[in-house]
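Enquirer: Got a structure for you, questions after.
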Amino acid sequence: MKPVLLLCLLAVLAACSSPSPTASPTPSDAPSSSTAPPSAAADTPTSSAPAPPPRPARDGCHRLTLSQAVAPVVAGTDVPCRQKHTSETYKIGRLPLLVGGHLVAVDSPSVQSYVADTCRSTVGDHVGGSPEDLRLSMLQAVWFTPSVEEAALGADWFRCDVVALSGSGRLALLPRSTKGVLASSDRFAMCSTASPDSTTHKRVPCSARHSWTAIATVGLSGQSYPSARAASRQMDSACRSAARARAADPLDFSWSQERPSQEQWKAGQRYGICWAPAS
């Protein structure tokens with residue numbers, strides 16, 4: 001996952017001053033009417049601060065490009081879910097901007113971690129299937145927060161969307177609803193155009209043309225990014241067993257493995273992927 005930048009919340013402080021007292025009229029110059037004349041301030045038009053934008057609609061659908069999907073603020077076009085779309089909102093939450101009675105900036109580490117962890121941990125509940133099914137799919141969680149101007153007006157929401165990578169620098173079209181899609185279909189399962197050690201290796205949904213299939217994931221230990229050799233030592237046995245279990249001939253089968261890239265490792269992916277030729 002590409003890192004997502006969250007924008008700063010601007011605190012708006014309004015200073016108030018009491019109007020200067022006016023002199024009381026003397027009996028000789030007081031108006032004969034019981035109604036006092038309007039003050040000069042009443043003739044001056046007043047303006048109120050604009051209201052914050054409405055919270056996004058949960059379960060809404062959107063037409064986004066890949067670059068818009070990884071942007072920190074909402075972009076793209078809202079569309080009915082019956083029309084073509086590339087993202088679906090599955091959660092709207094409130095930003096934890098008040099800690100210990102003090103405002104916390106939208107781009108503070110605590111807020112960033114909260115939003116990322118919340119969206120990542122809840123996408124599985126929406127799309128269904130097991131955590132392993134989600135790891136072996138092209139579905140991803142993305143999230144958005146208010147812009148600087150919206151946050152300054154009091155917007156305190158965040159939005160979690162699910163998108164599907166198409167493998168060609170674009171997002172795949174989603175069905176009318178992605179609720180439970182992993183539990184009911186392999187449409188967004190992860191496949192590849194070639195073996196992961198090939199220069200033509202490109203991840204694609206299994207609904208597209210492919211020759212290899214992602215069959216298992218293996219957790220990688222250690223705090224630092226593992227070398228290819230270190231990752232292979234941890235993954236070798238598990239990947240071989242997974243490939244053998246699905247092979248027609250347990251004595252004649254092929255398999256391969258793929259460690260996370262440095263960018264994926266930095267984003268929190270602490271597992272490698274086992275691959276086997278598509279049946």
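Enquirer: Each residue of the stretch 126-137 in order: what ³J(HN,Hα) in whole Hz does its phi give by Karplus 6.51 cos²θ - 1.76 cosθ + 1.60, θ = phi - 60°, with x for Gly and Pro?
Expert: 7, 7, x, x, 9, x, 5, 4, 5, 4, 9, 10
Enquirer: Given H placed 1.01 Å from N in the peptide plane, which residues other than close sequence neighbours of GLY180 have an amide H under 5 Å from its amide H?
Expert: VAL127, GLY128
Enquirer: Tell me whether the stretch 129-172 comes out rounded, prolate or oblate; compute the Cα gyration tensor, take square roots of the eigenvalues as a ≥ b ≥ c, and use a/c under 1.5 as the rounded threshold.
Expert: oblate
Enquirer: Further question on the same structure: Just to confirm a number: summing +1 for Lys and Arg and -1 for Asp and Glu over residues other than ALA51 whose beta-carbon lies under 15 angstrom from that of ALA51, what do you get?
Expert: Taking every Cβ under 15 Å from that of ALA51, the sum is -2.
Enquirer: So for the stretch 189-279, averaging the separation of alpha carbon pairs under 8 Å that are six or more residues apart and normalising by length, what relative contact order in percent results?
Expert: 33 percent
Enquirer: In the stretch 239-279, whose amide N lies under 20 Å from the spot 7 Å out along Cα-to-Cβ of ARG233? List them in ranges.
Expert: From the stretch 239-279, the list is 239-241, 257-262, 270-274.
Enquirer: If you don't mind, there's one more thing I want to ask. Could you please tell me the mean projected area of the C-alpha convex hull for the stretch 56-175, averaged over all directions and given in square nanometres to one decimal? Don't skip to the end; give the middle numbers.
Expert: Numbers: hull surface 31.8 nm².
Taking the Cα atoms of the stretch 56-175, their convex hull projects to 7.9 nm² on average.
Enquirer: Amide H neighbours of THR217 under 5 Å, counting only residues 5+ apart in sequence or on other chains, H built in-plane at 1.01 Å?
Expert: Sorted by chain and number, the residues that satisfy this are CYS274.
Enquirer: Using +1 at the Cβ of each Lys and Arg and -1 at the Cβ of each Asp and Glu in the stretch 135-200, identify which of SER192, ALA141, CYS160 lies farthest towards the dipole's positive end.
Expert: Of the candidates, SER192 comes out farthest on the positive side.
Enquirer: If you don't mind, another one. Using Cα-only point scatterers and the Debye equation, what is log10 of I(q)/I(0) for the stretch 166-279 at each q in 0.21, 0.22, 0.24 Å⁻¹, rounded to two decimals?
Expert: The computed values of log10 I(q)/I(0) come out as -1.24, -1.30, -1.37.
Enquirer: Here's something else I'd like to know. Residue by residue through the stretch 145-159, what is 3J(HN,Hα) from phi via Karplus (6.51 cos²θ - 1.76 cosθ + 1.60, θ = phi - 60°)? Round to whole Hz and write x for glycine and proline.
Expert: 10, x, 6, 4, 5, 5, 5, 5, 8, x, 5, 9, 9, 9, 10
Readers should treat all values here as calculations from the given coordinates under stated rules, not as data from a laboratory. Everything numeric here is computed off the predicted structure, so don't read it as measured data. Every residue, glycine as well, gets a Cβ built from its backbone with ideal geometry; the counts of neighbours run over all protein chains shown.
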